[in-house]
1. Select, from A:ARG226, A:ARG221, A:ARG242, the only residue that is crowded, with 19+ Cβ neighbours inside 10 Å, assigned to a helix (DSSP H, G or I), at negative phi and among the charged types (D, E, K, R).
2. Any idea which of B:GLU65, B:GLU48 is open to solvent by 40 Å² or more (accessible area, probe 1.4 Å) and either under 23 Å from A:GLU215 (Cα atoms) or away from every other protein chain (no Cβ under 14 Å) (or both)?
3. List the number of the failed condition for B:ILE60; all other conditions in (1) within 13 Å of chain A (Cβ to nearest Cβ); (2) in contact (Cβ under 8 Å) with a residue 24 or more places away in the chain hold.
4. If a residue has to be within 17 Å of A:ILE216 (Cβ to Cβ) and assigned to a helix (DSSP H, G or I) to count, how many in the stretch B:1-33 make the cut?
5. Taking into account only those residues within the stretch A:203-256 that are under 15 Å from B:PRO68 (Cβ atoms) and among the basic types (Lys, Arg), which is nearest to the other protein chains (Cβ to nearest Cβ)?
6. Is it the case that some residue within the stretch B:71-88 is of a type in the set (Val, Ile, Thr), within 13 Å of chain A (Cβ to nearest Cβ) and either over 14 Å from the mean Cα position of the chain (by Cα) or open to solvent by 40 Å² or more (accessible area, probe 1.4 Å) (or both)?
7. Consider B:PRO42 carefully, then state whether it is assigned to a loop (DSSP other than H, G, I, E, B) and at the interface with chain A (Cβ under 9 Å from one of its Cβ atoms).
8. Would you tally the residues in the stretch B:1-27 being within 16 Å of B:LEU45 (Cβ to Cβ) and of a type in the set (Lys, Arg)?
Amino acid sequence: MPDLDSRKERTKNRVRIGAFIAASTTVITTALLQPGPQWVLLAVGVAAAIAVAASADLPRGGGRGGLAEAQSLRTMPGIDPREVRRKKRGRVSAFIGSSTMAISALFQPGWEWLPLAVGVSAAIAVAASADLPGRSGRDSGLTGRALILLIRDGTVTGSRGSGSGSGLAGPGRDDDDGPVDATAHQWRMLAAVSRLMPRPAGRRWLAEAESLLSEILPVRRGAAIRSYLLSAPWLVVMMWAREAQRRARLGPRRPG
Amino acid sequence: MALRLTVQVQLVLQGLLRDPGKEMYGLELSEETGLQPGTAYPILLRLEHEGWVTSRWEDIDPRAEKRPARRYYRLTAGGAVQASAALAGARRPKDTALRRLAEGGGTA
């Protein structure tokens, strides 16, 4: 007799498939029967379908894989499976919301362009902040994973340093390393935000942040990272405005 | 666009003007002014864009020094004159505002 957990898993899968079918049905019926102002529904449907499909924890090896994965998560120190699920739900909701805005704006030319911009930005931000191991970063080499290693072990360094002992693992001014998990998460966000800036400006911002945070008192590190994150939206706008000015001064590119 | 002399900008300029010829890096300036690094950075960027400040990467071997290179900022000759004039003409922030800023790390 299957245990309670595997039954729960199967029920979840059924719900997931049901959601996918409902979303797909919305897409098809809207597109075929109501081609008019109902494009928003189409957009919602497409986004929801993609999101549900992409986020599904499809069981590996006949339905046991998902359960095994969930159990292994439970045994890993410091990882709360409920927290993981909550984060995943949040990410998927954000993706649906932002994609909907983007697609709706595309299909409703009467609308202002603003929702498109906001939607695309939010979608990129959400996608960029996802925990994708082994994801290649920018030239600085500061991928999200590298930053975590940097802060925990000191085995990976940033753009201008290599080898152990440099970067954030370098000698701080206090033995206390502070709340590593929270800081590591904020580091990932810093790296993601830097990707929203023009490339050279983003690289410099991240490199300066890394340099400063490697020397700051560990107890002040969290607040410092938060201050970088708080000022980041304004910086992104300012840097792109400057980049636009620079390109306007240079004029159109000539082939060759 | 003219530089707006907010309290934070004034603090950064005062910090740099204490010794106009001296180069300061972000953390040093942040400790000097009481501002959070994330607050000071956009100000330094604006000052650099206006030509008041110049900056450079420290030339070190990060492995030997066991830390990443710092970015050093220094007032330009013209920048020092302009900063002094601007601060002289600026409305001096009240002490209570400065205290609040120092307590809040410059984000207030």
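The values are calculated or read from the model by the stated rules, or taken from the named source; none is laboratory data. The structure presented is a predicted model; accordingly, all values stated were derived computationally and were not measured. All Cβ positions, even for glycine, are placed from backbone atoms using ideal geometry, and neighbour counts span all protein chains on display. Remember, those area values only see protein heavy atoms, side chains included, never the ligands or the DNA or RNA. Shrake-Rupley method; radii C 1.70, N 1.55, O 1.52, S 1.80 Å.
1. On the way: A:ARG226 fails: crowded, with 19+ Cβ neighbours inside 10 Å; A:ARG242 fails: crowded, with 19+ Cβ neighbours inside 10 Å.
Sole residue among the options that is crowded, with 19+ Cβ neighbours inside 10 Å, assigned to a helix (DSSP H, G or I), at negative phi and among the charged types (D, E, K, R): A:ARG221.
2. Working: B:GLU48 fails: either under 23 Å from A:GLU215 (Cα atoms) or away from every other protein chain (no Cβ under 14 Å) (or both).
Every option except B:GLU65 fails the conditions.
3. Failed condition: (2).
4. 9
5. A:ARG204
6. The answer is no; no qualifying residue exists.
7. On the way: assigned to a loop (DSSP other than H, G, I, E, B): no; at the interface with chain A (Cβ under 9 Å from one of its Cβ atoms): yes.
When the stated conditions are applied, B:PRO42 does not pass them.
8. Qualifying residue count, the stretch B:1-27: 1.
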